[in-house]
Structure formats: C-alpha cells, structure tokens
1. How much of the pair distance distribution for the chain lies past 27 Å, counting alpha-carbon pairs only, in percent?
2. Could I have the simple spin-label model distance between SER18 and THR78, label points 7 Å from Cα toward Cβ, reported in nm to one decimal?
3. Could you identify which residue out of LYS171, LYS133, LYS51 has the top mean-square fluctuation in a GNM of the chain using Cα springs shorter than 10 Å?
4. Going by average Cβ density within 10 Å per residue, which order do the peptides 138-145, 95-102, 17-24, 266-273 take, highest to lowest?
5. Please report, in debye to the nearest 20, how large the charge dipole of the chain is about its Cα centre when each Lys and Arg carries +1 at its beta carbon and each Asp and Glu carries -1 there.
6. Take the residue pairs LYS189/LYS301; LYS51/LYS301; LYS189/LYS254; LYS206/LYS238; LYS39/LYS171 and return only those whose Cα atoms are more than 31 Å apart.
7. Per residue of the chain, what 222 nm ellipticity follows from adding -39500 (n - 2.57) for every DSSP H run with n ≥ 4, rounded to the nearest 500?
8. What Kirkwood hydrodynamic radius, in Å, does the range 43-235 give when the mean of 1/r is taken over all pairs of distinct Cα atoms and then inverted?
Amino acid sequence: MTGTRPLDATPEHEAAASETAILTIDLDALLANYRRLRKLAAPAECAAVVKADAYGLGLGQAAPALARAGCKTFFVATLGEAQALRQLLPHATIYVFAGLMPATAEFFHQHDLRPVLNSAEEIREWAGFSASKGETLPCAVHIDSGMNRLGLSAEEVDAVAGARDLWSVLKLSLVMSHLACADEPTHPKSEVQRKAFDRLRARLPKALASLANSAGILLGPDYAYDLVRPGIALYGGKPHREGTNPFLPVVHLKGRILQVRTVAAGETVGYGATRRLQQSSRVAIVSVGYADGLFRSLSAKDDEESLVVYIGSHAAPILGRVSMDLITIDVTFVPETASRRGQWVELIGPNVSAQELARHAGTIDYEVLTNLGRRALRRYIGG
Ligand SMILES: *Cc1c(COP(=O)(O)O)cnc(C)c1O
C-alpha cells in the first residue's frame, strides 16, 4: 500500500463505509476474564452471571462462548432470560435469581430450570410442587445475610430449618447469599455478612455454598466457598472501586467524525449554549450520542471536567451537551491528519474504560454496559 496509512489501523477502517458507530465485543477477552476468575476462585466452581442479555453484550454470543470454555452453571435474573438461555444451552445448569413467582413452578420444571428460592413461602411451594411430581427437584435457597434485599431472613431460616417434610421432597443444590459492599475491599460489612452466612447455612441441610460476585472473588479465598457468581468482571468491568482493573476490556465502542469546524473564542457549542470557548478551537462532531449509551450526563458545560475520548493515541475532551445522535469533542490539539471527516473515535475501549465513562456520568460501569443501545453495528470477534 502506498500513501499514508491511517493512524488508527484497526479493522474499523475496513468496515462498511456507511457505518457511523461500531460496537465490537471481544469474546477472547471475555474468555480470558472467565479463566482468570476461575483461577482466582479455584478450587471453587466458577459459574457465570448472564442476566440482562449478558450485561448488554449479547446472551446469544456470550453464553455459548463461556460454555465452550467449560462454564457449566449460569445465573439469570428472570424466567424469560432463563428460557432464552435454555434454548442456547440444553445441558447447562441454570438458576433464576428472581425465584419462584406464583404459578411458575411448572415452567421451571418443563425447561429444567432451578429457582433461587427467596422466602419460606417459596420453599414450601417448590416442595409441594416437587412432591406432586414425585421427584426431588433441585433449587437454590437465598439467605439474606444483611443486605435486606432478596432472601430468607434469619427468622425465616429458623422457621424452615427443622422442617424435614420440606427438605426431604426437594433437592437443595445450592445455598447462597449476596454481598452488599464487596466493591470496597476494606468495608467491614463483608466479613459480618460472611459470618452471618456461615451461621445461617449451618442450620440448613448440607448443600454447596456460594457468596461471591466479582468483587467478592477479589476479597480472597474465604469468600469463594464452593461456587462463585461473577458478572461484571467477565465483561471487563472493574469490580473494586480502588486500584487497577485486573480484567481485560471486552467492549469497544467507536463513532465517527462527521464534520470538523473551527469555532471562534467566545462562541458556544451545542444545545443550551452551555459551553463557551475560551479560545479559537477545532471542534469535531462525532456520530454517537445518548441513544448509543453515551449518557446525557456526560455533557460538560463551562468549567466542568469532561470525559476524554481518543482518536488513536490522541486525547480529545467532550465539549458541551451530549445529544441523541451526536457529541462534540475538542480536537484543537489533535493533528489535522488524525481528526478528519470519517475518522473513527474511541468512546469505550483500551483508552476509555467503561468505568471511567461511568465516573463522568455519575453512574457505574454496570449501567454503561446495559445501556449500550441497539443502533451501532455489533461485531463479535474471537471466542
Ligand atoms: C448480578 C448478581 C451477581 C453478579 O454480580 P457482579 O457484581 O456483576 O459480579 C451475583 N449474584 C447476584 C445475586 C446478582 O444479582
């Protein structure tokens, strides 16, 4: 090839000329994260939480890839998600966090799904259903160890613990609880919850135990028990608030420069005229907005620190309001050859983590991933 090579020689340049946004999901990175978590938690089994369409990345691609890497147990939030997953993975063990809604036992049974039972009432219902089928059907029991969200309270554990008639007709395949503050490694609540979990599960029939989400796995072996339930770390999120992220980015979002203009000092940029330029600036208009997951709260008015996005290795901060389809970025200090019409701009990727984007938007990377939108061209690589 003669002539100048694009600065950012990623495959985006070979993508269809008509595309304005590309969301690349790197399944090799997903699997590397899975293997890393499995190693951290060993000898515990490493399950995968694939609720909310695998945190927005695509259940249809993520779940089969994880299964090929050896993952056998999956968690989803809802029955609808469980049904979709069962079609993808006929032999996987699938748990449903939402538990047993009234009149759904038959559906669980038909699709070989396991409810995570969240109350004594649900346990009684599942036991009754099991007995009516003449089978001992598997299920998990969720103990609330101090988060006060889903799960059996200590009193409820006591109430059902001695009920032989219940436990003899169902198969307690997992006892689990969930940590409230594991993202803060020194928070004292994690240990308080771990002790409560041990105290309460000792009253129930013997079963495999599970306490750790992604952040819990990073708290060390005391939290791994028999099975761990990572979600966000698989998808390249950052489980602990402090320190560096040990997991690889999986999501890459790129948009395109549609126009570049020079704007005089004193002029304003975008809706609401919230950003007044202090100096004459080169401004690039980029083809992604809040409909693509770039939250409107990333808008940066005068004197606000804004998210910095990248063109190759060149940094360019967001200027003014984020609109539905567009953002404006300051390319005054980006070489003109790198900031032309048609150039690709990294919004999420190796230089702009989902966590960094989230920090600027006043949210967490979980919400960034589950809000990526459906407009960008989705590409899956690796796996
Ligand atoms: C979502 C969820 C997980 C996974 O949490 P991450 O922080 O994403 O690792 C684990 N357990 C329960 C009960 C959950 O709801």
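1. Values: 39933 of 73153 pairs.
Value for the chain: 55 percent of Cα pairs lie more than 27 Å apart.
2. 3.2 nm
3. LYS133
4. Working: 138-145: 25.1, 95-102: 20.6, 17-24: 17.2, 266-273: 15.1.
The packing order, highest mean first, is 138-145, 95-102, 17-24, 266-273.
5. Details: 41 positive and 40 negative charges, 109 e Å.
With Lys and Arg at +1 and Asp and Glu at -1, about 520 debye.
6. Numbers: LYS189/LYS301 38 Å; LYS51/LYS301 35 Å; LYS189/LYS254 39 Å; LYS206/LYS238 33 Å; LYS39/LYS171 29 Å.
The answer is LYS189/LYS301; LYS51/LYS301; LYS189/LYS254; LYS206/LYS238.
7. Values: 12 runs with 102 residues, N = 383.
Result for the chain: -7500 deg cm²/dmol, rounded to the nearest 500.
8. On the way: mean 1/r = 0.0595 Å⁻¹.
Taking the inverse mean of 1/r over all distinct Cα pairs, the range 43-235 comes out at 16.8 Å.
Bear in mind these aren't lab numbers, they're just calculated from the coordinates by the rules spelled out. A quick note: this is a predicted structure, and the numbers were derived from the prediction, not measured. So basically every Cβ, Gly included, is an ideal-geometry build from the backbone, and we count neighbours across all protein chains shown.
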